[in-house]
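Trainee: The structure follows.
The values are calculated or read from the model by the stated rules, or taken from the named source; none is laboratory data. Just so you know, these numbers come straight off a predicted model, no measurement behind them. So basically every Cβ, Gly included, is an ideal-geometry build from the backbone, and we count neighbours across all protein chains shown. Just the protein is used for accessible areas: all its heavy atoms, side chains included, with ligands, DNA and RNA removed. Shrake-Rupley method; radii C 1.70, N 1.55, O 1.52, S 1.80 Å.
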Amino acid sequence: MIDVYYWPTPNGHKILIFLEESGLPYRIIPIDLSAGEQHSPAFVSISPSGKMPAIVDTEPADGEKPVAVFESGAILLYLAEKSGLFIPADLRRRSEVIEWLFWQVAGLGPAAGQYHHFSSVAGDRRIYAEDYFHDEVTRLCEVLDRRLGAIHFVVGDTYTIADMAMFPWVTFSKKKMQGLSAFPNLRRWEEEVRRRPATVQTYLIAAHLATERKH
Ligand SMILES: N[C@@H](CCC(=O)N[C@@H](CS)C(=O)NCC(=O)O)C(=O)O
């Protein structure tokens, strides 16, 4: 069983997408960020930075005590290695998947997060930062758009954890990036990934959890 410490945000969605795609048994332990649950000592003992997502694998491959993993990229890699799914066995393609996974967690995710933050806050101080992160998100979308003009998924013909890491941030940024109209290949990919049954299910779970907690 995989216990997923989750709240409906782009980094959280990545993990549910993997679990829905793979069929690995899991249960969600909500970490309500607005209630500050990420700071509880119990959660910080799993995720030292007090950020979700995190997982605990209660049945690790070595048959020993549960394994806790934090950081969405590390979790995706752990789950892919555990299941043998969504990561190629071939040395070169595997290395490419890891490259793009790191590119997402170190580049697109933080830039899109900062862009969202600075474009949502009021006041004059936001202007420089908003422009800066808008330009950076645009540059990163151009990189991805170029790549997806030449290949179907982020790495070749098969859907991998690199796509799963990318999707929630691309779809989250879509509105602010004018529906991705300047990035036709990225838009084609976003529409296709959005329609996958596991993606649809993830966002249904997310919406349900968000409404449930409001009451
Ligand atoms: N690099 C981390 C980022 C995780 C992260 O920023 N999580 C946010 C939500 S998307 C969070 O838990 N924020 C709570 C807080 O900052 O107090 C990852 O990829 O997992």
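Trainee: Once the chain is represented by equal point scatterers at the alpha-carbon sites, with solvent omitted, what log10 I(q)/I(0) does the Debye formula produce at q = 0.09, 0.15 Å⁻¹?
Mentor: -0.36, -1.02
Trainee: Still on this structure: If DNA, RNA and ligands are ignored and the probe is 1.4 Å, what is the ranking of H134, H13 by accessible area, most exposed first?
Mentor: On the way: H134 60, H13 15 Å².
Most to least solvent-accessible, the answer reads H134, H13.
Trainee: Further question: Could you give me the ³J(HN,Hα) list for the range 48-55, computed from phi with Karplus coefficients 6.51, -1.76, 1.60 and θ = phi - 60°, whole Hz, x at Gly and Pro?
Mentor: x, 8, x, 10, 9, x, 8, 9
Trainee: Sticking with this one: Would you mind working out the magnitude of the charge dipole of the chain relative to its Cα centre, with +1 at each Lys and Arg C-beta and -1 at each Asp and Glu C-beta, to the nearest 20 Debye? Mind showing how you got there, number by number?
Mentor: Working: 23 positive and 27 negative charges, 104 e Å.
I would put it at about 500 debye.
Trainee: Given a 1.4 Å probe and the protein chains all in place, what does the accessible area of L91 round to, in Å² to the nearest 10?
Mentor: 130
Trainee: When the helix-only estimate is applied to the chain (DSSP H runs of n ≥ 4, each -39,500 (n - 2.57), divided by the residue count), what is the mean residue ellipticity at 222 nm, nearest 500 deg cm²/dmol? Write down the numbers at each step before the final one.
Mentor: Values: 9 runs with 122 residues, N = 215.
After summing the helix terms and dividing by the residues of the chain, the value is -18000 deg cm²/dmol.
Trainee: Which of the peptides 31-37, 51-57 is most tightly packed, and how do the rest follow, judged by the mean count of other Cβ atoms within 10 Å per residue? Before the final figure, lay out the partial values.
Mentor: On the way: 31-37: 14.3, 51-57: 22.6.
The densest-packed peptide leads the list: 51-57, 31-37.
Trainee: With +1 assigned to the C-beta of every Lys and Arg and -1 to the C-beta of every Asp and Glu, and no other charges, what is the dipole magnitude of the range 91-196 about the Cα centre in debye, to the nearest 20? Don't jump to the answer; show the numbers that get you there.
Mentor: Working: 16 positive and 14 negative charges, 61 e Å.
So the magnitude is around 300 debye.
Trainee: Here is a further query. How high is the FRET efficiency from A35 to V56, r the C-beta distance, R0 22 Å, rounded to 0.05? Can you show the working numbers first?
Mentor: Working: r = 21 Å, r/R0 = 0.94.
The calculated FRET efficiency here is 0.60.
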